[in-house]
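Okay, structure first, notes after.
The values are calculated or read from the model by the stated rules, or taken from the named source; none is laboratory data. Keep in mind the model is a prediction, meaning the values are calculated, not measured. Glycine gets a Cβ as well: all are built from the backbone with ideal geometry, and neighbour counts include every protein chain shown.
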Amino acid sequence: MRKSFKSVALLIVVLLLTALVAACGKGDSKVSVGIVLPTKDEPRWVQDEQRFKDALKGSKYTTEILFSQGSSAKEKENVETLINKGIKVLIICPQDGDAAAAAVEAAKDEGIKVISYDRLITNTDAVDYYVTFDSVSVGAAQAQYLVDNAKGSGEPLYLYAGAASDNNAFLFFQGAWNVLQPKIADGTFKIANSSEAEALKDTKDLSRDQLSKIIGQVTTNWDPNEAKNKAQTHLTAAAADMKGDVAILAPNDGTARSIADVFGADSAVSSYVVTGQDAEQASIQYVIDGKQSMTVFKDVRTLVKDAMGMAVDILDGKDPATTGSYNNGKVDVKAKQTNVITVNKDNVQKELIDSAYYKASDFTGL
Ligand code: GAL
């Protein structure tokens, strides 16, 4: 009798402890805002992670940042992990804009609000907000730099683009084309590496399909290695009149550095002007060293502030402020947009050091 009383008591204690541990476990894993970023392999997104961490210091909200490592399947898994941790808001930069629809639809089904971060998630109604830079103006700034630094007329122009799975790649190219096309038409530039762009050189406003054709031909997939291989192939195929002083539209810093290395190593290329984007630390050094001509500075601190500001508004039951909207193929997504800044050797100190984005000691030869 006493023995069985003892064991029942023991059982109750064990059960209570188990319940307590489970409750604690749940408490520990409660996260209010989930953040999913595309890959750690590109400095751009590691930069965003760091800026999120800086912004979240001392915040009363719990957040967790997961990386998708270039895989939409991993991205979906990350979203499911965060859903299971009880998030109320999801901030997500998709690896592939279309493929991410399934992940955010799963979040929407749980009543979670979704903020598309930097890249728009396309063809779904499960996106509530979009925080972004003015991506059309990124491309326009790159192209304007090439125009401003063109040497005479008939200068060979090499075109490169981002990944076709990224809506931004279309916006960047569209912005660049708006500025470049008249300068191709008036003979300032001649297209060196894209028969698709050549075929469309008299068309100012390109449709999505027309953009797809060009991007399909000159995509880097945002991969510096792919960019390098393409640049090598293009230079091997180029006739002598496509060398000399050249202009290169490179879509971002990672691809710009590898394309610049290839062009810099070709003795028949006497000079090149190459664009970039993101103000990655390695590219700022390239700009200081004269190996990359410019970059488009997108102040990630602002994007992070906007995204977290929206998330906190949602958690507090308020409507986040927006400045416009973007159509994602299915719905108009309310958006908050931020401007960008062209940076070259002349203003790198002012824009990136004086603004405390980087420390002077991060670079040599400033
Ligand atoms: C774009 C993004 C750029 C660049 C690129 C490659 O979507 O806006 O800043 O980093 O992806 O990851």
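Considering only strands (runs of 3 or more DSSP E) fully contained in the stretch 285-347, which possess at least 2 residues that are among the hydrophobic types (A, V, I, L, M, F, W, C)? Walk me through how you get there before you give the answer.
Values: elements: 295-297, 324-327, 332-338, 341-343.
The qualifying strands (runs of 3 or more DSSP E) are 295-297, 332-338, 341-343.
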*Hits in the stretch 279-296 (condition: within 11 Å of the ligand (Cβ to nearest atom) and surrounded by fewer than 24 Cβ atoms within 10 Å (Cβ to Cβ))*: Glu280
*Does Ala247 satisfy the criteria of being closer than 25 Å to Asp346 by Cα and part of a loop (DSSP other than H, G, I, E, B)?*
no
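Restricting the stretch 227-247 to residues that are out of contact with any strand residue (DSSP E or B) (no Cβ under 8 Å at 6 or more places or on another chain) and not basic (Lys, Arg), which is farthest from the ligand (Cβ to nearest atom)? Please lay out each step first, then the result.
Our first condition is that a residue be out of contact with any strand residue (DSSP E or B) (no Cβ under 8 Å at 6 or more places or on another chain); within the stretch 227-247, this holds for 227-230, 232-233, 236-237, 239-240.
From what is left, the residues that are not basic (Lys, Arg) are 227, 229, 232-233, 236-237, 239-240.
Numbers: Ala227: 11, Asn229: 17, Gln232: 21, Thr233: 21, Thr236: 26, Ala237: 26, Ala239: 31, Ala240: 33 Å.
Top of the filtered list is Ala240.
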*Quick one: Glu64 ticks every box in (1) in contact (Cβ under 8 Å) with a residue 60 or more places away in the chain; (2) part of a strand (DSSP E or B) bar one, so which box is it?*
(1)
*How many residues does the stretch 44-73 hold that are under 21 Å from Ala99 (Cα atoms), away from the ligand (no atom under 16 Å from the Cβ) and hydroxyl-bearing (Ser, Thr, Tyr)?*
0
*Close pairs (8 angstrom Cβ cut-off, 6 or more residues apart or separate chains): modelled with pLDDT of 95 or more in the stretch 343-366, assigned to a loop (DSSP other than H, G, I, E, B) and of a type in the set (Lys, Arg) anywhere*: Ile353/Lys359
*For the stretch 161-174, name all the residues that are within 12 Å of the ligand (Cβ to nearest atom) and more than 16 Å from the chain's Cα centre (by Cα).*
none
*Answer with yes or no whether Asp278 is in contact (Cβ under 8 Å) with a residue 40 or more places away in the chain and not in a loop (DSSP other than H, G, I, E, B).*
no
*asked:* Going by what's in this entry, would Ala19 be described as within 22 Å of the chain's Cα centre (by Cα), assigned to a helix (DSSP H, G or I) and at pLDDT below 95?
replied: no
*asked:* Cβ-Cβ distance below 6 Å, separation of 6 or more or different chains: which pairs start in the stretch 190-205 with a residue that is without any contact (Cβ under 8 Å) to a residue 24 or more places away in the chain and closer than 10 Å to Trp177 by Cα and end on one that is surrounded by 16 or more Cβ atoms within 10 Å (Cβ to Cβ) and among the β-branched types (Val, Ile, Thr)?
replied: Lys201/Ile184
